[in-house]
Amino acid sequence: MLGGKALSSGSEKRSGLSEMKKKQGPPAQFITTQFNSILGWARKYSLFQYPFITACCGMEYMSAACAHFDLDRFGAGWTRFSPRQADMLLVVGTVTQKLAPVLRTVYEQMTDPKWVVAFGTCTVSGGIYDNYAVVQGIDLVIPVDVYIPGCPPRPETVLDGLLKLQEKIQHQEQEWRWKKRKP
Amino acid sequence: MTRIQKEARPDTMLLNMGPSHPAMHGTIRIMLELDGERILNSEVEVGYLHRGFEKTCENRTYFNLLIYTDRLNYVSPLINNLGYAMTIEKMLGVEVPERAQYIRVIMSELSRISDHLTCLAAMAMESGAFTVFLYKMKAREFIWDVIEQTTGARMTTSYIRIGGVRADLHADFDTVLKTAIVETRKVLKDIHGLLDKNKIFLNRTRDIAVMTPEDALAFGWTGPCLRSTGVYYDVRKAHPYLTYDRLNFEVPLGERGDNFDRYMVRMKEMDQSLRIIEQAAQRLQKTPAGVLAQAFEPAEAIKASRLKRIKGGVNLSPNLEGSERDKYPGILSADKSYVIPPKDDTYTTMEGLISHFKFFMKGNGIRPPRGEVYFSVEGGNGELGYYIVSDGSDRPFRLHLRAPCFHIVAALEQLIRGRYVADVIPTFGSMNMIGGELDR
Amino acid sequence: MEEKKTLDLLKQTFPAVVKEASTNLGDDVVIIDREGLLGLANFLINKPHEYTMLLDLTCVDFLGQKPRFEMVYHLFSLPQNKRLRIKARLEENDLRIASLTSLWKNADWLEREVFDMFGVNFEGHPDLRRIFMYDCFEGHPLRKDYPLRKRQPCIKFRE
């Protein structure tokens, strides 16, 4: 749930990468793999977050982002209050049925590459609210990359989740403009 | 189609400050009808955090629904717990020991300080004063350290139980509390220096969104917002509960009812809360950290108790620290039907086991007599009231919360009419709207 | 002393409307006929009683009893420092009661909440529509016959 196990950099377990390599020769493979890692490194250390704050977890988000437990030292300090300028959607707090269309709209307004972090038990699975008004987990509405459980999660848990997301970003196949796309 | 879309004139602009907005403190939607920068009309739409609290509570036992009360006004969770516990105690007629009352007062005032710190930090941040936000968050961390040491959790604590509190104070409580008070006083002094005479802040808050006392009463405003208009009404003084009648504190009042007064009343209230905490902490008797003469491990104790009642204590896990049998008379009421028996007894005696079983078993537990009750405490925003109707079973028949910020936000449309768009932010910030309480 | 006077005065002034007036666990409760609500509220808001604050307005659903719904009002008088609870029963097939928006301004949103959650119609309310639930929601959630987990999603869910 909280991301996969640690993978070494340049791993060949990603199927997209290995297919691409089969088409190209060895020198091209080396360049694309390295470029992939560099791009992953750059993206993971400059996350621009969009905090979609609704409820109590917002307080722990504020604590995690401020002086005691700093999010900025992980590169994720810049909060961009516009979905067009952000690449990480941090859904903090309960999402109700009334708010679900808004969440979907905000997610669709974000440009690729984008990642979604479900912060708090209410976003993971509805939390303690199993009733007519609450969406039982935001993965019913948008795809989620990292789930951070807790009610509310301690700031250390948030930082752990952020590190797992950074690992995931490092090892995933990156998209860049001059990559040959499969027809 | 919302009301404002139907009523809008054709030559004006409609602006939506949507549910996901950094200054909207969670989720509220304000739709503005603008002529340039001036607001002609507005509509506030709430309900984006309606989590079905009241209906859920009808399906939970009185003991179990304590956790839902934490998440109402989530910046001052202990005050919600307190309100609920005291309502049930009023219905049952339970007497709480004095030590527990003082602990409740301290926790409640710490929550109130944390509430005011968060409210003003958000208001200042949205007006552009980011330093104020960071300083206040720093102070809040110290307060949350105290709360965490006593209750086990930083925010959603479920600490104040029916009949008393869950556990006694830690032996190091005084040191941690002193650090928190000193740091908070430092931060408050800094903020006074940064904002009180700051021309920019004054321009944004002085004489903006003025509320008259008559209007405030007609709207049902309570708490710091009402006191900023000059009306003296504080539930702690009008209908004293716990030990507030024995503590010395003042209730600050404002004069004009504008944003600046709401800010100032909150700052002064924090000073008064610190005063209350110091007095209450002095009156608490210091219980020395006792070393038990002969303490068994739980497995041994259970085995030994099969033959005869054991003498001596049980080494409970650190999670249960503070709730040992010898601490019980100070922290929980003596009436056994409303409190959980101490874990030492549950593990080792038959009576304890049966009491524990009967407390939690479906259909048993806390069963108030038929009837209804209303009780209110002074929350961070005003009068936080609980109205509970009981039908004699172990679940409430109806539980209704009198949310203070519901009435305060109802006046928002009137307050921002005729002002600029930029005035919405400090006005809304000074109202301290908390989504969990507003929408329940 | 004061509360006895208010309750007795109410019983004397509105003998047809007030069914019962008592003190229960320290709270004063007045049970009235729903037709007399506006007159009673007008009487209480003026001097000498000055119940200037409407603290709360809610509804309780007694499923199975007739009449089924009960409206509960909490008033507060600042000069006297006294609270008063007014209750009025409503029939299920005739779910309407006078609106208090002309006397207290927060009655606007409070009545919208009761309308949303229970379906009670308030006569004289300027803009009675849902406040917590969304427009495509059908039903009134806090009624006892509405199941707790009946969800009506606004958008199509994935998976």
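No lab work stands behind these numbers, since they all come straight from the coordinates. Quick caveat, the model's predicted, so the values are computed rather than measured. Cβ placement follows ideal geometry from the backbone for every residue including glycine, while neighbour counts extend to all protein chains displayed.
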Students often get this wrong, so check it: of B:LYS138/B:LYS237; C:LYS47/C:LYS87; B:LYS138/B:LYS178; C:LYS19/C:LYS66, which have C-alpha atoms separated by over 27 Å?
B:LYS138/B:LYS237
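Enter the mean number of other protein chain beta carbons within 10 Å of the beta carbon of each residue in B:434-440, as an integer. Could you put the intermediate results ahead of the total?
Numbers: counts 2, 7, 6, 0, 1, 7, 4.
Average per residue, whole number: 4.
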Just tell me, in residue order, which DSSP H segments of chain B are both 30 angstrom or longer along the helix axis (alpha-carbon based) and at least -1.0 in mean Kyte-Doolittle hydropathy.
B:98-126, B:130-151, B:173-195, B:259-283
Suppose each label sits 7 Å from its Cα in the direction of the beta carbon; what would the C:LYS5-C:GLU138 distance come out to in nanometres?
5.6
Using only the alpha carbon atoms of chain B, find the Kirkwood hydrodynamic radius as the inverse mean reciprocal pair distance, in angstroms to one decimal.
23.3
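Sorting B:HIS192, A:HIS171, B:HIS400, B:HIS407 on the 10 Å Cβ count, fewest up front, what's the list? Before the final figure, lay out each step's value.
Numbers: B:HIS192 13, A:HIS171 23, B:HIS400 26, B:HIS407 30.
Result, fewest neighbours first: B:HIS192, A:HIS171, B:HIS400, B:HIS407.
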Proximal aspartates and glutamates to B:LYS186, defined as alpha-carbon separation beneath 20 angstrom and excluding residues fewer than eight positions away on the same chain
B:GLU109, B:ASP115, B:GLU141, B:ASP145, B:ASP174, B:ASP196, B:GLU269, B:ASP271, B:GLU278
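Under unit Cβ charges (Lys, Arg +1; Asp, Glu -1), what dipole magnitude, rounded to 20 debye, does chain C have relative to its Cα centre?
Working: 25 positive and 25 negative charges, 72 e Å.
Approximately 340 debye in magnitude.
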For B:LYS311, which aspartates and glutamates qualify as cross-link partners when the Cα separation must be under 20 Å and same-chain residues fewer than eight apart are set aside?
B:GLU297, B:GLU300, B:GLU321, B:GLU324, B:ASP326, B:ASP344, B:ASP345, B:GLU351
Per-residue average of Cβ from other chains inside 10 Å of A:102-109:
3
Cα extents of the protein assembly as shown per principal axis, largest first, Å, are 100, 86, 58
Cβ-based exposure ranking for B:MET31, B:MET361, in which fewest neighbours within 10 Å come first
B:MET361, B:MET31
Name the residue farthest towards the positive end of the dipole of the protein assembly as shown from the options B:ASN81, C:LEU55, A:TYR147, assuming +1 on Cβ of Lys and Arg, -1 on Cβ of Asp and Glu, about the Cα centre.
A:TYR147
Given the options B:LEU40, B:THR12, B:ILE30, identify the residue whose Cα lies farthest towards the positive end of the charge dipole of region B:3-45 (+1 on Cβ of Lys, Arg; -1 on Cβ of Asp, Glu).
B:ILE30
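Can you tell me the dipole magnitude for region B:1-144 around its Cα centre, using point charges on the Cβ only (Lys, Arg +1; Asp, Glu -1), in Debye to the nearest 20?
Approximately 300 debye in magnitude.
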I need to check one value: relative contact order of chain C, counting alpha carbon pairs closer than 8 Å and at least 6 residues apart, in percent.
16
Among the listed pairs B:LYS358/C:LYS144; B:LYS6/C:LYS82; B:LYS303/B:LYS362, which have their C-alpha atoms separated by more than 32 angstrom in this model?
B:LYS6/C:LYS82
How do C:130-142, C:19-31, B:70-82 rank on mean C-beta neighbours within 10 Å, highest first?
B:70-82, C:130-142, C:19-31
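Kindly provide the helix-only [θ] at 222 nm of chain B, computed as the sum of -39,500 (n - 2.57) over DSSP H runs of four or more divided by all residues, to the nearest 500 deg cm²/dmol? Walk me through the numbers on the way to the answer.
On the way: 20 runs with 208 residues, N = 440.
Value at 222 nm, helices only: -14000 deg cm²/dmol.
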Given Cβ point charges of +1 (Lys, Arg) and -1 (Asp, Glu) and nothing else, what value in debye, to the nearest 20, does the dipole of the protein assembly as shown about its Cα centre take?
2060
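As a footprinting exposure proxy, order A:VAL144, A:VAL135 by other Cβ within 10 Å, with the fewest listed first. Working shown, then result.
Values: A:VAL144 19, A:VAL135 26.
Lowest to highest Cβ neighbour count: A:VAL144, A:VAL135.
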Taking the dipole of the protein assembly as shown about the Cα centre (Lys, Arg +1; Asp, Glu -1; charges at Cβ), the one of A:GLY137, B:GLN414, C:PRO126 that reaches farthest to the positive side is A:GLY137
